[in-house]
Structures are given as structure tokens and as C-alpha cells.
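Notes for the one structure printed next.
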2 protein chains.
Amino acid sequence: MTQRDAPVRTRGDSGNGATRERNEREILAAAERVFARHGYRGASLQDIAEQAGLPKSNVLYYMGSKRGLYIRLLERMMARWNALLDDISVEDDPAEVLEAFIRSKMELSRRHPEGSRLFAAEILGGAPFLQEYLSGELRDWVQARARIFEQWAERGLMDPVDPVWLIFLIWSATQHYADFEAQVLGITGKETLSDADVERITAFLTQVILKGCGVRSRDDRVAS
Amino acid sequence: MTQRDAPVRTRGDSGNGATRERNEREILAAAERVFARHGYRGASLQDIAEQAGLPKSNVLYYMGSKRGLYIRLLERMMARWNALLDDISVEDDPAEVLEAFIRSKMELSRRHPEGSRLFAAEILGGAPFLQEYLSGELRDWVQARARIFEQWAERGLMDPVDPVWLIFLIWSATQHYADFEAQVLGITGKETLSDADVERITAFLTQVILKGCGVRSRDDRVAS
DNA sequence: ATCAATCCTGACCGATTGGTCAAGATAAGC
DNA sequence: GCTTATCTTGACCAATCGGTCAGGATTGAT
């Protein structure tokens with residue numbers, strides 16, 4: 001019952017510190033795959049350990065517990081997410097902002113499909129570990145964006161659509177290609193989605209959503 | 001290893017047949033909840049049995065095996081899905097068809113949120129039980145719709161957008177409110193989505209998607 | 001070379017997993 | 001009232017679960 005100290009590596013990170021780093025990376029990658037595929041309960045440390053090429057004990061040595069490993073993965077994904085949430089202002093061009101919004105979200109789903117699916121599985125299961133984040137940080141972020149969208153609408157730069165539903169629309173449409181990849185591939189008959197496919201999808205979503213919201217570029221504001 | 005016959009109830013379904021029916025319904029409902037929340041691997045028969053108010057042995061008596069129960073639930077959900085896939089023709093009005101498409105998909109997600117999440121969890125896990133369905137039946141269905149959308153575009157009734165991406169857009173946007181319910185509620189601060197909320201969301205999606213695809217009603221075809 | 005800290009892992013733990021089975025309870029047909 | 005088929009369930013099984021721990025291997029500083 002004594003607390004096992006997390007190994008603190010103050011110095012000498014070269015040498016075998018490289019092993020540690022590689023092992024941790026391998027474990028995190030394997031765990032992300034397994035948790036994404038089977039959810040928190042359905043994932044087994046044995047499975048994760050095998051995919052990481054390590055004995056199960058070693059996984060626990062590095063990560064402490066299944067729960068801790070899972071939370072660490074969630075936090076890593078939230079960090080990736082926050083990294084692309086730069087501030088926007090009412091003065092920005094709606095078309096540019098929305099396109100950048102769609103594009104960056106699409107890139108995130110593409111660059112980290114397993115993390116995206118891990119997040120999806122967490123929400124699907126009722127978000128037991130993320131409820132605070134959703135109704136706290138993320139909620140504030142959404143509210144802030146929503147207010148800007150409304151101001152754009154007041155200035156006639158876009159239709160007066162409900163900004164929160166708009167954000168959900170963009171999230172769902174972009175996340176779909178990571179979370180439902182199996183469905184997309186099965187229906188299209190492709191084995192993978194190429195960069196060109198993703199580019200076409202991004203362009204399609206941008207076009208439909210911007211047009212659908214009546215977004216006018218700042219340049220042709222006069223010509224309604 | 002002898003095959004356990006599925007109890008065949010040829011006659012006398014009244015009387016205690018009602019018990020059977022009620023038990024089966026209860027088990028299926030409980031199983032849908034548990035599988036949706038935790039995925040196939042993460043769900044436990046013990047949990048399902050408790051939620052159904054029956055001993056675990058009884059669940060196995062009715063359903064045979066975990067795998068069989070899961071497949072039965074998937075098939076029930078596919079049946080619900082197929083029930084609203086009525087045929088459409090090039091002669092139909094694109095605006096009407098697309099709105100009905102969005103609306104019926106939205107209603108399905110609302111009426112059977114657990115089933116929707118069960119389906120989502122299956123796809124998230126790589127669709128191990130549904131791959132044939134996806135690359136078979138469903139693919140054909142999508143291709144057929146896609147061809148009609150293209151013909152509408154040729155006739156100038158809508159923009160020449162890629163019809164498959166359009167179908168995915170509608171699927172993702174509507175399914176989002178069931179699958180990511182926890183996120184939607186957390187961010188909006190609501191406890192549930194009311195009928196009025198759903199109606200507003202449906203109207204929003206219809207408006208944005210139809211406008212975004214440049215759908216013109218058959219009536220004002222002349223006035224482009 | 002020595003010593004202490006860190007790393008690594010096989011053996012093991014109680015709990016839980018999906019599934020089996022035998023035996024008792026219940027109901028229907030004659 | 002008896003027989004037969006269906007229903008119900010606690011006891012039980014091997015396998016796997018997350019986690020612990022002792023102790024050997026490895027490493028870096030001196």
C-alpha cells in the first residue's frame with residue numbers, strides 16, 4: 001500500500017534514458033490503439049503490453065495503473081486539441097477563420113486518428129473522465145466562439161445561424177473521417193484515404209458549410 | 001458440445017409466453033445500453049443481467065451467448081435503419097428528399113440513441129461484425145443515391161458536389177447528437193435535449209446543408 | 001571496484017470473465 | 001394425476017483481468 005514513487009529522472013537522460021523514452025512512447029502508442037478500439041473497459045493491459053513488445057509488468061512499472069495510463073492519453077489528446085485553438089477576434093475574416101477551423105480540425109483527425117477515436121469512445125461511454133473538461137474549459141471556449149459568430153451575423157458577414165449548432169456541425173463532419181473510418185473505407189471501397197482524398201473532403205466541407213451559412217468574405221461585404 | 005436447441009414455442013404463446021417476451025425485451029434493452037456504453041469487449045453479461053433484473057444464467061438461456069446477443073442487437077439496429085431507406089427517384093424534388101433524409105435520420109438517432117451508440121462503437125472498433133454489410137448492402141445503397149444526386153446536379157437542381165461526401169456529411173451531423181450526447185449536453189449545459197431543441201437542430205441542418213449544396217426546389221428551377 | 005539507484009520481469013494474488021450443467025420449479029397436454 | 005417440455009438458477013469451470021512484489025540485472029557516480 002506504500003506509494004510507489006514515479007521514477008524521477010533528474011539527470012543523465014542520455015544513455016539509457018533513451019530506452020525509457022522509447023518504451024514510454026511505444027506503450028502510449030499501443031495503448032492509444034487498444035483503448036480506441038475497445039474502450040476503457042474492453043482494453044486489456046496484456047494486449048497493450050504485447051503490442052508494445054514488453055511484458056505486462058513493465059507497462060505497469062512505467063504507467064502505474066490502467067486508469068493512470070488512460071488519463072494520460074486523454075490529457076495528451078486534449079493538449080493536441082488545445083494547441084490548435086488559437087484566439088480569434090470579431091475583426092477577423094469569417095471565411096478565413098471558418099476555413100482554418102475546418103482545416104485544422106480535419107488535420108488533427110488525420111494526424112491522430114487513434115487519439116480521435118479514443119476521445120470518441122470516451123464520449124460514447126458517457127464521458128466519465130472528461131465531464132469536467134466538457135462543462136468547463138471546452139464550454140467556455142465554445143461560448144466565446146459563439147459570441148463572435150453572432151457578432152459576425154449582426155454585421156451581415158454571415159447568416160444568423162445558431163453558432164453552437166454550427167460548431168457541432170463542423171466537429172461532427174470532420175471527426176467522422178477518423179471515428180467512422182471503417183465505414184468510410186467500406187463504402188468507398190478504398191483501403192486508405194489518400195492525402196488527395198482528404199484535401200478534396202476538406203474543400204467540400206469548407207464550400208458547403210461556408211455557403212450554407214451565407215458567409216461572405218470581408219472583401220465583398222458591400223455586394224451582398 | 002451438443003447443440004442447445006433454441007426453445008421453439010409453437011403454440012400457447014399466451015400465458016407464460018408473455019413472460020418470455022417481457023424478459024427478452026428487458027434483456028435486449030439492457031444489453032443495448034451496456035454494449036453502447038462499453039463496447040463489445042467491455043460489456044459484461046453480469047452487468048446486463050443485473051440491469052435486466054435477472055440472473056446471468058437466465059440471460060444465457062435466452063440468448064445463447066454474448067456474441068449471439070450482440071449480433072442480434074446489431075441486426076435489430078440494421079433493420080430499423082433499413083426501414084427508413086425508401087426508394088427515391090430522379091423525378092423527386094431534391095429539397096424534399098434531402099430534408100426527409102435529414103429528418104428521418106435525426107429521428108432514428110433520437111428514438112434509438114442506445115442503438116445508435118451501439119452502432120458507433122462497432123464502427124469505432126473497426127466494424128469486425130459489420131464489414132460485410134458496409135461493403136455490401138450499404139455500399140450499394142449509397143452508390144444508388146449518389147447516382148441520383150449526380151443526375152440532379154446535371155439538371156441544375158443542385159451544385160455538383162461529390163454525393164458520397166454529402167451523404168457522409170448528413171450521417172455525421174445527425175448521428176452526432178446521439179453518439180456525442182454527453183459532449184453536447186456538457187457544453188450546452190442542458191440535462192436533456194427537448195423535442196423543441198431537436199426540431200431546431202433539424203431545421204438548422206436542413207437549412208445549412210440544402211443552401212450549402214445550392215439545392216433549388218423543383219418549383220423555382222427556371223429562376224436560377 | 002564498489003555501492004546505491006533504477007530498471008526489469010516471472011510468479012503470484014483475489015476478482016471477474018463467458019459459459020456449462022444438473023437439478024428443481026413451473027406449466028401444458030392428455 | 002401423470003408425463004413431457006419448458007423455464008429458472010446456484011454452483012462451478014478454466015481463462016483472463018488489473019495489480020503486487022521480491023529479487024535479479026543494469027546502470028551511473030565515485
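For the residues A:ARG37, A:ARG22, the requirement of being more than 10 Å from DNA strand D (Cβ to nearest atom) and at pLDDT below 95 singles out A:ARG22. Residue under question is B:GLN143, and the condition is that it be under 20 Å from A:ASP179 (Cα atoms) and assigned by TED's automatic domain parsing to the domain that holds B:SER89; does it hold? Spelling it out, it is not the case that B:GLN143 is under 20 Å from A:ASP179 (Cα atoms) and assigned by TED's automatic domain parsing to the domain that holds B:SER89.
Checked against the criterion of being more than 14 Å from every other protein chain (Cβ to nearest Cβ), assigned to a helix (DSSP H, G or I) and among the charged types (D, E, K, R), the candidates B:ARG37, B:ARG76, B:ARG33, B:ARG41 yield just one match: B:ARG76. Does A:VAL198 satisfy the criteria of being in contact with a helix residue (DSSP H, G or I) (Cβ under 9 Å, 6 or more places away or on another chain), within 7 Å of chain B (Cβ to nearest Cβ), surrounded by fewer than 20 Cβ atoms within 10 Å (Cβ to Cβ) and modelled with pLDDT of 95 or more? It is false that A:VAL198 is in contact with a helix residue (DSSP H, G or I) (Cβ under 9 Å, 6 or more places away or on another chain), within 7 Å of chain B (Cβ to nearest Cβ), surrounded by fewer than 20 Cβ atoms within 10 Å (Cβ to Cβ) and modelled with pLDDT of 95 or more. One residue stands out in the stretch A:40-81 among those that are away from DNA strand D (no atom under 16 Å from the Cβ) and touching a residue at least 24 places away in the same chain (Cβ under 8 Å): the one that is surrounded by the fewest Cβ atoms within 10 Å (Cβ to Cβ), namely A:GLY53. May I ask you to verify whether A:ALA178 is modelled with pLDDT of 95 or more, buried (at least 19 other Cβ atoms within 10 Å of the Cβ) and either assigned to a helix (DSSP H, G or I) or of a type in the set (Val, Ile, Thr) (or both)? Criteria met by A:ALA178. Inside the stretch B:115-131, residues that are in a helix (DSSP H, G or I), under 15 Å from B:MET77 (Cβ atoms) and not basic (Lys, Arg) make up a count of 9.
When the stretch B:88-131 is filtered for residues that are at pLDDT below 95 and within 11 Å of another protein chain (Cβ to nearest Cβ), nothing remains.
The values are calculated or read from the model by the stated rules, or taken from the named source; none is laboratory data. Computed from a prediction, not measured in an experiment: that's the story for all the values here. Ideal geometry is used to build each Cβ from the backbone, glycine not excepted, and the neighbour counts take in all protein chains shown.
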